[in-house]
Amino acid sequence: MYELLAQVMKFLLIGLIYYFLYNFLKLMVLDLYEERRSSDETDYCLRCEDGREFPIRRVTTIGRAKDSDIVIDDPYLSSKHAMIYRRGKRLIIQDLKSTNGTYINGRRIKKPVALKEKDVITMGSRKFTFLRREARGLERGSDL
């Protein structure tokens, strides 16, 4: 009787280990799938006055420094001028204590501000328009 009980307990323990292993692997695969699906890029970009477009990533730094994500050669920009980052579903712009400041729609920002589509961002002598990628494609299509 004791041997039968020991065999049943052994099979239950093995089954329990397989059950936890299966759930652990399932979670790992789902995490990998989600990570691949949510790439580093967002659905937004910055369009410069000269027509150049810069994709916005989860964290994007803007400045004159070569290690910035968006490098702008402008003497009025600081080496690390501003940063755009994702907070939840919103994209936030923050001035990084630049000398000449960052402006949204003509108003200087002193603290982090949530960006809205078609906001005009002025840094140094450059103006950028904050656009959603779908809107960007529609604008190009309407030019034809």
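The values are calculated or read from the model by the stated rules, or taken from the named source; none is laboratory data. Computed from a predicted model, the values in this text were never measured in an experiment. Cβ atoms come from the backbone with ideal geometry, glycine included; neighbour counts cover every protein chain shown. Surface accessibility is based on the protein's heavy atoms, side chains included, excluding ligands, DNA and RNA. Shrake-Rupley method; radii C 1.70, N 1.55, O 1.52, S 1.80 Å.
Might you report the magnitude of the Cβ-based charge dipole of the stretch 54-121 about its Cα centre, with Lys and Arg at +1 and Asp and Glu at -1, to the nearest 20 debye?
Result for the stretch 54-121 is approximately 460 debye, rounded to the nearest 20.
Could you work out [θ]222 nm for the chain from helices alone, using -39500 (n - 2.57) per DSSP H run of at least four and dividing by all its residues? Round to the nearest 500 deg cm²/dmol.
Here the helix-only value at 222 nm equals -11500 deg cm²/dmol.
When we measure straight from the Cα of Lys89, which lysines land under 26 angstrom away, once same-chain ones fewer than 8 places off are left out?
The reachable lysines, counting only those whose Cα sits under 26 Å from Lys89, are Lys80, Lys97, Lys110, Lys111, Lys116, Lys118, Lys127.
So what is the relative contact order of the chain, in percent, for Cα pairs below 8 Å that sit 6 or more residues apart?
Relative contact order of the chain: 17 percent.
To the nearest 10 degrees, how steeply does helix 133-143 sit against the main Cα axis of the chain, on a 0 to 90 scale?
40
Ordering Tyr18, Tyr2, Tyr44 from largest to smallest accessible area (1.4 angstrom probe), what's the sequence?
Heavy-atom accessible area, descending, gives Tyr2, Tyr18, Tyr44.
Report Glu53's accessible area, 1.4 Å probe, all protein chains in place, as a number in Å² to the nearest 10.
In the full protein context, Glu53 sits at about 50 Å².
Solvent-accessible area of Asp43, probe 1.4 Å, all protein chains present, reported in Å² to the nearest ten, please.
80
What FRET efficiency would be calculated for the residue pair Ser125, Leu32, taking the C-beta separation as r and a Förster radius of 25 Å, to the nearest 0.05?
Between Ser125 and Leu32 the formula returns 0.05.
Starting from the amide H of Thr102, placed 1.01 Å from N in the peptide plane, find each other amide H under 5 Å away whose residue is 5 or more places distant or on another chain.
For Thr102, whose amide H was placed from the backbone, the distant partners under 5 Å are Ile109.
Just one of (1) 8.0; (2) 14.0; (3) 12.1 is mean projected area of the Cα convex hull in nm² calculated from these coordinates, so which is it?
Matching the structure shown: (2).
Most fluctuating residue of Gly88, Gly15, Gly124 in a GNM of the chain with Cα springs under 10 Å: which is it?
For the chain, modelled as a Gaussian network with Cα springs under 10 Å, the answer is Gly15.
With +1 on each Lys and Arg Cβ and -1 on each Asp and Glu Cβ, how big is the dipole of the chain about its Cα centre, in debye rounded to the nearest 20?
In debye, rounded to 20, the chain gives about 620.
In sequence order, what are the phi-derived ³J(HN,Hα) couplings for the stretch 105-112 according to the Karplus relation 6.51 cos²θ - 1.76 cosθ + 1.60 with θ = phi - 60°, rounded to whole Hz, with x for glycine and proline?
6, x, 10, 5, 9, 10, 9, x
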